[in-house]
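The values are calculated or read from the model by the stated rules, or taken from the named source; none is laboratory data. Fair warning: this is a prediction, and the values are worked out from it, not measured in the lab. We place every Cβ from the backbone using ideal geometry, glycine too, and count neighbours over all the protein chains shown. Side chains included, ligands, DNA and RNA excluded: accessible areas come from the protein's heavy atoms. Shrake-Rupley method; radii C 1.70, N 1.55, O 1.52, S 1.80 Å.
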Amino acid sequence: MNKVSMTVNGRTVSADVEGRTLLSSLLRDDLHLTGTHVGCDTSQCGACVVHVDGKAVKACTMLAAEADGADVKTIEGMANADGSLGVIQQAFRDYHGLQCGFCTPGMVMSAAALLEENPKPSEAEVRDYLEGNICRCTGYHNIVKAILAASGQQVEAVAAE
Amino acid sequence: MPKDGGIGASTKRREDLRFLTGRGKYTDDINLQNQTYAHFVRSDVAHGTINSINASAAEAMPGVARVFTAKDFEGVGGVPCGWQVTDRHGQPMQEPKHPVLAEGKVRHVGDPIAVVVADTLEQAQDAAEKLEIDITELPAVIDMKDALQDGATKVHDDLTSNLCYDWGFVEENRDAVDEAIKGAHHVTTLELKNNRLVANPMEPRVAVGDYDFSTDEHTLYTTSQNPHVIRLLMGAFVLGIPEHKLRVVAPDVGGGFGAKIYHYAEEAFCTFAAKAIGRPVKWTSSRSEAFMSDAHGRDHVTKIELAMDENGKFLALRTDTHANMGAYLSTFAPSIPTWLHGTLMAGNYTTPLIYVNVKAVFTNTVPVDAYRGAGRPEATFQLERVVDKAAREMGIDPVELRRRNFITEFPYATPVAVEYDTGDYHATMDKLLEMSDHAGFEARAAESKANGKLRGFGIAHYIEACGIAPSNLVGQLGARAGLYESATVRVNATGSISVMTGSHSHGQGHETSFAQVVSEMIGIDANQIDIVHGDTSKTPMGMGTYGSRSIAVGGSAMVRATEKIINKAKKIASHLLEASEGDIEFKNGEFTVAGTDKSVAWGDVTLAAYVPHNYPLEEMEPGLEETAFYDPANFTYPSGAYGCEVEVDPETGKVTVLGFSAADDFGNIINPMIVEGQVHGGLAQGIGQAMIENCAYDDQGQLLSGSYMDYAMPRADDLPMFKVDHSSITPCTHNPLGVKGCGEAGAIGSPPALVNAVVDALQRAGHDVTHIDMPLSPDRVWAAMNS
């Protein structure tokens with residue numbers, strides 16, 4: 001067992017983990033942050049996307065030990081300080097960008113990373129960026145609209161519907 | 001303009017708040033004190049004899065509680081099948097035992113052989129490496145036609161062959177259909193495959209079993225679309241646990257699409273093992289495990305023949321289908337290629353004579369069952385493909401040929417046993433042509449041609465039967481369950497309401513849309529109404545969510561229970577207002593005496609029901625809680641016209657979907673936003689099937705598409721923005737809301753529209769291509785163009 005320490009959603013945490021423990025397991029099982037979901041075992045689906053030192057990372061593909069000392073942000077850290085939905089979360093709700101909710105945390109985290117890199121993406125850029133996030137419910141239509149709306153763009157003007 | 005929270009409003013979903021903040025409660029988020037972890041050891045061969053299993057080394061590994069094999073399940077029932085089909089000759093289908101853990105033989109890759117239960121998942125996985133399992137591999141049967149050859153290897157030694165059933169429908173029409181085809185002006189014939197798919201809800205299946213020795217009560221937390229069905233099947237047929245000692249909870253469930261309808265061995269295992277070892281047992285499927293243990297979908301091979309007169313009027317239809325059952329019969333598997341497929345072969349057309357033959361076949365593959373649409377996509381695909389081919393052969397425009405044969409008078413009794421109550425197929429076709437700018441297609445095609453690309457437009461018109469189903473009817477057809485739905489409406493003293501529904505939401509947004517219905521009826525704010533689902537200890541016996549039945553059947557039960565509430569509340573109000581019951585009017589949450597200004601508020605009546613100081617106790621019980629069970633009089637029949645525009649790159653065979661339009665008639669709509677979302681998702685799955693998805697086995701029965709590395713799930717950049725419309729409304733005539741259901745339509749209408757579009761593109765470019773099997777991968781399209 002190795003002791004790891006990191007900041008998660010602004011809070012300093014530490015845990016004893018095996019060398020093989022994944023960051024997703026640390027978050028879910030040790031820290032009880034169950035908003036980070038695991039939907040596959042080949043790093044394809046993106047339900048587990050979190051931010052590590054500001055970058056979008058698939059938490060199922062990173063060892064907990066690798067995150068030692070890092071600043072980690074999960075879906076539980078995305079709401080505003082007063083508990084209200086953040087801009088991206090609110091846009092997902094307004095545009096019905098989620099159904100079963102299982103891929104949603106990863107989608108929101110990826111969307112946040114995209115808008116950090118590219119504040120005004122085109123529809124094609126949004127679709128391209130979401131290559132690593134699979135949704136089986138929405139057909140992506142409303143996810144794309146939500147992300148465009150969260151970027152402050154006129155959805156109808158950008159999305160060819 | 002409907003008011004927010006009422007019927008017809010695009011009310012934003014209340015469930016989103018927890019899902020968007022990471023506070024959803026899915027089954028894998030449930031951890032019980034002192035819980036253990038189960039790791040299933042599964043067959044890596046498609047067919048084999050189990051010679052021996054030596055678990056002693058595994059059991060000695062650290063943290064291992066116990067290793068289970070088939071011998072621990074002696075005296076335990078098999079996983080049951082919920083539908084018995086009768087064959088053409090009046091004989092019941094062949095029905096093999098489906099043991100919880102493989103007994104003596106393994107029959108598909110993924111068949112569970114043993115389970116290691118340990119303190120941690122890692123310990124269980126480590127110990128599984130020490131299991132000594134000796135298996136002699138046997139030849140496997142994978143192809144359905146091979147499986148039916150004389151002398152073929154049998155999947156089940158105790159059955160006479162690999163034929164589950166040979167079903168004919170309507171058998172009495174067989175000779176008349178043959179005659180009509182023989183004498184017809186023209187017969188269009190098409191052979192096609194409906195590719196095997198994997199449902200792939202994003203949340204893998206999970207089961208947590210628990211047992212309380214103090215009360216003798218079992219609890220199963222599971223990723224299910226229908227917890228009561230699981231309780232019934234597992235309690236009565238597998239483990240012999242009476243209902244009052246078995247609670248099944250399906251909390252937030254991350255998508256279903258059919259794959260979470262069925263009772264699975266892992267659920268029975270965790271329930272059984274929790275008592276056996278005296279600790280909770282948790283199993284979480286990995287995605288790779290899901291590919292070889294979740295029931296698959298589709299996998300039909302069909303020959304279809306359509307006979308016409310010289311004007312293109314359809315005279316007769318004959319189909320010959322082989323349907324893959326896999327190695328065992330999943331819960332509803334036998335009903336999919338029969339009653340959910342044969343009964344839809346009339347489509348939207350007046351074809352007077354129809355005969356459907358289906359041979360269901362056992363193979364050494366994962367069991368196949370319902371996947372979004374279930375039988376209806378298979379029916380629609382073959383019908384809409386053969387109609388398109390017929391149009392070309394007859395030299396009639398595909399839209400015109402469909403119009404010439406549309407059913408226009410309702411109710412309409414088809415020759416395949418069902419009666420459509422309403423519809424307006426010309427209206428949906430008109431809408432589709434408008435929204436897809438059909439008139440402008442030629443100009444766009446010319447533009448593509450100038451760019452060296454081939455543009456095509458394809459149409460499909462679908463019918464589906466939803467709202468499954470009248471219990472007495474499905475009982476006659478072989479269902480071993482009723483298919484009603486239930487609701488309890490519990491009004492609290494202060495006027496807020498809890499609705500306990502037997503329907504289950506796993507993405508459909510029932511907590512929002514069901515509340516809209518009750519809010520509309522009672523006239524109180526939707527936020528005063530909670531929808532409770534997914535727990536057999538809280539909800540009345542209900543059959544769950546599949547077949548686009550939730551609002552049509554579950555919603556109707558809720559309406560009936562709410563009507564009972566209103567009736568009783570009116571009686572209470574008449575007492576409080578000292579007026580006769582017949583003079584009481586109820587509107588917007590207020591009871592008034594007709595023609596006066598006397599009124600009493602909803603909350604005053606509900607309070608009186610629970611604090612009955614001024615109450616007609618001699619006439620009525622206090623309290624305000626009612627339950628209704630609703631058994632539908634008929635199926636509902638949503639229909640619609642779908643159009644797809646594609647561009648094919650002649651150099652590579654790559655198909656790009658440029659646009660997809662869907663004009664649906666779902667009857668009345670409760671929440672348009674949710675309905676549109678359902679259609680979007682269905683379209684993505686249908687386009688996925690047509691373009692990229694394929695579950696593939698090699699001839700040894702190895703699953704080639706066993707992960708997301710190999711099974712192509714549609715991604716955001718595989719799909720266009722969709723155009724959807726649901727303004728063509730012919731309300732259902734036999735349920736109180738006039739609703740038809742919208743969950744599956746997108747997946748039903750889209751594959752034939754897409755394939756029709758690609759064939760159109762190739763034919764316009766002079767290629768003599770009449771069909772390409774799905775998925776339309778570049779290599780298949782290129783090969784078809786260059787053959």
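Of note:
- Peptide A:88-96 - average C-beta neighbours from other chains (10 Å radius): 4
- Fully extending the segment from B:Ser599 to B:Leu159 would add 151.3 nm, taking 0.36 nm per residue of separation and subtracting the current Cα-Cα distance.
- Residues considered: A:Leu148, A:Leu31, A:Leu130. Largest GNM mean-square fluctuation over chain A, using C-alpha springs under 10 Å, is found at A:Leu31.
- Residues of the stretch A:33-59 that bury at least 20 Å² of accessible area once all protein chains are present, compared with their chain alone (1.4 Å probe, heavy atoms only, ligands and nucleic acids left out), are A:Thr34, A:His37, A:Gly39, A:Cys40, A:Asp41, A:Thr42, A:Gln44.
- Heavy-atom accessible area buried between chains B and A is around 4400 Å² (1.4 Å probe, both sides summed).
- Here the stretch B:484-499 and the stretch B:258-306 have alpha carbon centers that stand 33 Å from each other.
- Contact order for the stretch A:87-156, expressed relative to its length and based on alpha carbon pairs under 8 Å spaced 6+ residues apart, stands at 49 percent.
- Prolate/oblate/rounded call for chain B, Cα gyration tensor, a/c under 1.5 rounded: oblate
- Three principal axis lengths of the protein assembly as shown [C-alpha, angstrom, descending]: 85, 77, 63
- Span-rule helices in chain B, defined as complete DSSP H runs reaching 27 Å or more along the axis (Cα) with Kyte mean at least 0.0: B:672-691, B:745-764
- Those residues of the stretch B:670-693 for which accessible area with every protein chain present is at least 20 Å² below the isolated value (1.4 Å probe): B:Met673, B:Gly677, B:His680, B:Gly681, B:Gln685
- Here the simple spin-label model places points 7 Å from the Cα toward Cβ, and for B:Lys25 and B:Ala450 these points are separated by 6.2 nm.
- Amide H contacts under 5 Å for B:Asp111: B:Ser43, restricted to partners 5 or more places along the chain or on a different chain, H placed in the peptide plane at 1.01 Å from N.
- For a modelled paramagnetic label at B:Glu191, 7 Å from Cα along Cα-to-Cβ, the residues of the stretch B:147-161 in reach, with backbone nitrogen under 17 Å, are B:147-149.
- Globularity index of the stretch A:87-156, i.e. its alpha-carbon radius of gyration over 2.2 N^0.38 Å: 0.94
- Taking every protein chain into account, the 1.4 Å probe leaves A:Glu66 with about 110 Å² of accessible area, to the nearest ten.
- Rounded if a/c under 1.5, otherwise prolate or oblate - the stretch A:23-77, Cα gyration tensor axes: rounded
- For chain B: relative contact order, % (alpha-carbon pairs under 8 angstrom, 6 or more apart): 15
- Using C-alpha pairs under 8 Å with a sequence gap of at least 6, the mean separation divided by the residue count of chain A gives a relative contact order of 23 percent.
- Within the accessible surface of the stretch A:87-156, defined with a 1.4 Å probe on protein heavy atoms only, the carbon and sulfur portion equals 47 percent.
- Placing a pseudo-label 7 Å from each Cα along the Cα-to-Cβ vector at B:Gln35 and B:Gln476 gives an inter-label distance of 4.7 nm.
- You can think of it this way: the chain between B:Leu704 and B:Asp134 has 202.8 nm of extra reach, that is 0.36 nm per residue less the Cα-Cα gap.
- At a probe radius of 1.4 angstrom, the accessible area of chain B per residue rounds to 33 square angstrom.
- Computed in the context of the full set of protein chains, the accessible area of the stretch A:2-77 at 1.4 Å probe radius has 46% of its extent on carbon or sulfur.
- Descending Cα extents along the principal axes, the stretch A:6-161, whole Å: 50, 35, 26
- Computed in the context of the full set of protein chains, the accessible area of chain B at 1.4 Å probe radius has 47% of its extent on carbon or sulfur.
- Taking every protein chain into account, the accessible area of the stretch A:91-161 amounts to 30 square angstrom per residue (probe 1.4 Å).
- Pairs exceeding a 26 Å alpha-carbon distance, out of A:Lys55/A:Lys120; B:Lys105/B:Lys145; B:Lys313/B:Lys431; B:Lys260/B:Lys740; A:Lys55/B:Lys260; B:Lys25/B:Lys245: A:Lys55/B:Lys260.
- Cβ-Cβ FRET estimate between B:Asp717 and A:Ser43, R0 fixed at 25 Å, reported to 0.05: 0.90
- Prolate/oblate/rounded label for the stretch B:521-620 (Cα gyration tensor, a/c 1.5): prolate
- Distance between modelled label sites at B:Asp631 and A:Ala81, nm, 7 Å Cα→Cβ extension: 6.1
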